[in-house]
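What follows is a short report on a single structure.
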């Protein structure tokens, strides 16, 4: 099963580069959503003695949260807040891509120097995790819009989740707590929506006030 | 019995939060804050009076480290809670249901964070505190408040993500060393040298970056000036003296494991470097800022630097840092609350607009000046003595140059802060400020809480009960095992 897992991690690493190169917000959001679904499938193909209800729960929660709920919230925010769909990079797409590609390479090299348990040595989980964390940072720091920063945060979080897969099943209440990061993302998005709605009301109110005065 | 008291410290505030959520009356709801504050302080004192014995495998417990820090947070909360009642009456135009409920939630979660003896549980509580603070920062509902909250969430959220990654690395270090998945700090410390060293070092770097962001150590402090500048004074005081201390004890708990793994010297060096960098950066920003609430944020960065520095300077230094948690929390609380009064009266936190406040709000201005001198280490207030101890620890450890840098930083910070505070207090108030101040009544309700906190800081400077000294020493023994 390691082969299949590595293929999935490889696709996730490729999607990182797509996210770095993408110039439109809906594309960025959908890329992150696909990443979320892939991450959700991974616990199911990890090598374990017996099928475990806990792993299944993590898988379902991840697909539902990262793959469906958060992306749909993000798309909704895009609509409700009437945000322009361009990404507006602070750091250009080509430099971002180059940096991301170099980072992915560096992650693979760095992993050679980290001691891994025998059952993890053949997987791409650690380089995938490091590369995603780095991609997340590039998006967080290199994009102007709040929504693209949220996407960056999601990619960063996906990297942490990949690393967490190494510990899944052997350490109670550490990996599972990562779900709170998704809650953080939820707060981000709700914040954007609430703020935009409040401001709309504010401006409506003032307009009405001037109307009354006249 | 002891376990019940420990759980009560968490449960009572959370119950209070639930009660605040369903409390129907807008005007009486804030009274829940001091009510819960009193019960919490009583519980803390009752628990602190007993021996801090905790079952080794417990995930949660009032251990020596919690005993050394949590009473200070409880005292600070009570002061802020007493201030919140008149403050929320002044701000009756804003709904306070969420605000009151979340202040109590923060108290409960901070109590849990200080007592967390498990790597995952510690992270969960810290993350939950981070999220609970978001609506508190946004209380004023202005676009500036939104911007500050956004920055807090992005920077703080990234910090929390990094600390989770660090926790994973520490977990993997344990697994790689043959651990069975028991991630209580006690078990990790017992595993000690068997922990995989590269993973322990990776964990330390990430945890320090992550929880260091929550503490507000430079260069991860960028959220602080905005957050403290836009949030109500109570929230600033609780962040600076309560929430940041959870991140500090989190770093200390991981430091204990890193020390057991044989990398204590590396940990001390990084803490020293980060502490000094924060001190110097904060001092430079203090020389430049013209906003007295942002000044408090930079001052907080400075004092977090002092905590980090103290923790790097051996057992005596760590004891001094724990003392400084108390002296900084109480003094800074007084300063935040009095500055909040001045800000409210003047309608601005900029020294360009707010001038001559000694004439308009004499009580708050006086408290602000006294608090400023106290926090910049004027004897006999507590910060003088805790900082003196850090200096002494530095000299005994042979880190004279670090002490030199620290004293220089303190001097520059003093110059920067006196410049701002006297700029606000002295001079002739502008007509607009006079009109604004005429709407603000300096009642006893908004003066007594900061005065009481300042008095507590003074008392802590003059007499330190032997029990308190013993509590700090016991915490040092817990963190820095030989």
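Observations
- Centre separation in Å (Cα based) which lies between region A:20-34 and region B:253-318: 39 Å
- Label-point gap, in nm, between residue B:144 and residue B:432 - each point 7 angstrom along Cα→Cβ: 1.2 nm
- Mean-position separation - Cα centroids, region B:409-439 and region B:176-236, in angstrom: 37 Å
- Average beta-carbon neighbours from other chains, 10 Å sphere, peptide B:165-178: 5
- Gaussian network model of chain A, Cα within-10 Å springs - most flexible of A:90, A:165, A:38: A:90
- Calculated mean residue ellipticity at 222 nm for chain A: -25000 deg cm²/dmol, from DSSP H runs with n ≥ 4 weighted as -39500 (n - 2.57), summed, divided by the residue count and rounded to 500.
- Rough spin-label spacing in nm, given labels placed 7 Å along Cα→Cβ, for residue B:28 and residue B:464: 4.4 nm
- Taking the longest Cα principal axis of chain B as reference, the axis of helix B:97-115 is set at about 30 degrees.
- For B:405, A:58, order by how many other beta-carbon atoms lie within 10 Å, fewest first: B:405, A:58
- Rg over Rh for region B:342-434 works out to 1.14, using Cα positions for both radii and the Kirkwood form for Rh.
- Our helix-only sum for chain B, with -39,500 (n - 2.57) per DSSP H run of n ≥ 4 divided by its residues, gives a mean residue ellipticity at 222 nm of -26000 deg cm²/dmol.
- Share of alpha-carbon pairs per 10 Å distance bin for the protein assembly as shown, given as whole %: 3, 15, 25, 26, 19, 9, 2, 0
- Cα long-axis angle, helix A:93-112 against chain A (0 to 90 degrees, to the nearest 10): 30 degrees
- Label point distance in nm, residue B:15-residue A:170, each placed 7 Å from Cα along Cα→Cβ: 4.2 nm
No value in this document is a laboratory result; all are computed from the given coordinates. As the structure is a computational prediction, the values presented were derived from the model and not from experiment. Heads up, the Cβs are rebuilt from the backbone with ideal geometry, glycines too, and the neighbour counts pull from every protein chain shown.
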